[in-house]
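Take a look at the structure below.
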Amino acid sequence: VVPGETALAFYKAKNPTDKPIIGISTYNVVPFEAGQYFNKIQCFCFEEQRLNPQEEVDMPVFFYIDPEFAEDPKMAKVDLITLSYTFFEAKDGQKLPLPGYQ
Amino acid sequence: MSTAMNFGNKSFTPRPPDKGAFPLDHFGECSAFKERFMECLRHSGYESAACRQSAMAYLECRMDRQLMANEPLEKLGFKDLIKEKSEEKPEK
């Protein structure tokens, strides 16, 4: 991935149970310091997503790495950034704490 | 790893996506486009830059099927690919 260029990545999620599950996901970026340069344009995260029994879906993330990443001397040794998602089962009325997000 | 375990008082604050969430493609309407993109990545040794055409096609598929808000492709970082497609299109 080239900093400044938009890129697409796919994850896959499966509901192995016999009942529909409503999930919500959040993400993590390592190394920690690279997280500030990671910009998501659009993804499947933060909103509740319903997966029907046995359903498997592709989950895309459309993102770019801020070009300033290439200028940051602290990032000089970073050539691998790992993006991971964790799915939680959404409970009624539960919202992930997201300051400033409606 | 589902939480960032860091020393000190820095903690990772997730930020929401700029343009919101993709609805799920429950019926796999764009799966073929996704497969083409993944094929391209495999062939190119996972060079994202080599597969931008396929990525653009996937997003176009989503937009055509109401699985993504319509957005001019130039604004999604595909300006150079659009220019290649139609040289005679006037620049706005």
When (1) surrounded by 16 or more Cβ atoms within 10 Å (Cβ to Cβ); (2) within 16 Å of B:ARG15 (Cα to Cα) are applied to A:PHE32, the one that fails is (1)
From A:GLU47, A:GLU68, which residue is within 11 Å of another protein chain (Cβ to nearest Cβ) and charged (D, E, K, R)? A:GLU47
Given the residues A:GLY93, A:GLY35, which is the only one that is in a loop (DSSP other than H, G, I, E, B) and at pLDDT below 95? A:GLY93
Region A:5-19: number of residues that are in a strand (DSSP E or B) and either closer than 14 Å to A:GLN42 by Cβ or more than 15 Å from the chain's Cα centre (by Cα) (or both): 6
So which of B:SER54, B:SER11, B:SER2 ends up being small (Gly, Ala, Ser), at pLDDT 95 or above and out of contact with any Gly (no Cβ under 9 Å at 6 or more places or on another chain)? B:SER54
Candidate set: region B:46-61, residues that are within 7 Å of chain A (Cβ to nearest Cβ) and among the hydroxyl-bearing types (Ser, Thr, Tyr); chosen: the one surrounded by the most Cβ atoms within 10 Å (Cβ to Cβ): B:TYR58
Output yes when any residue across region A:15-26 is touching a strand residue (DSSP E or B) at 6+ places or on another chain (Cβ under 6 Å), closer than 22 Å to B:SER54 by Cβ and at pLDDT below 90, and no when none is. no
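The values are calculated or read from the model by the stated rules, or taken from the named source; none is laboratory data. Predicted, not measured: the structure shown is a model, and the values here were computed from it. Using ideal geometry, Cβ is built from the backbone for each residue, glycine included, and neighbour counts are taken over all protein chains shown.
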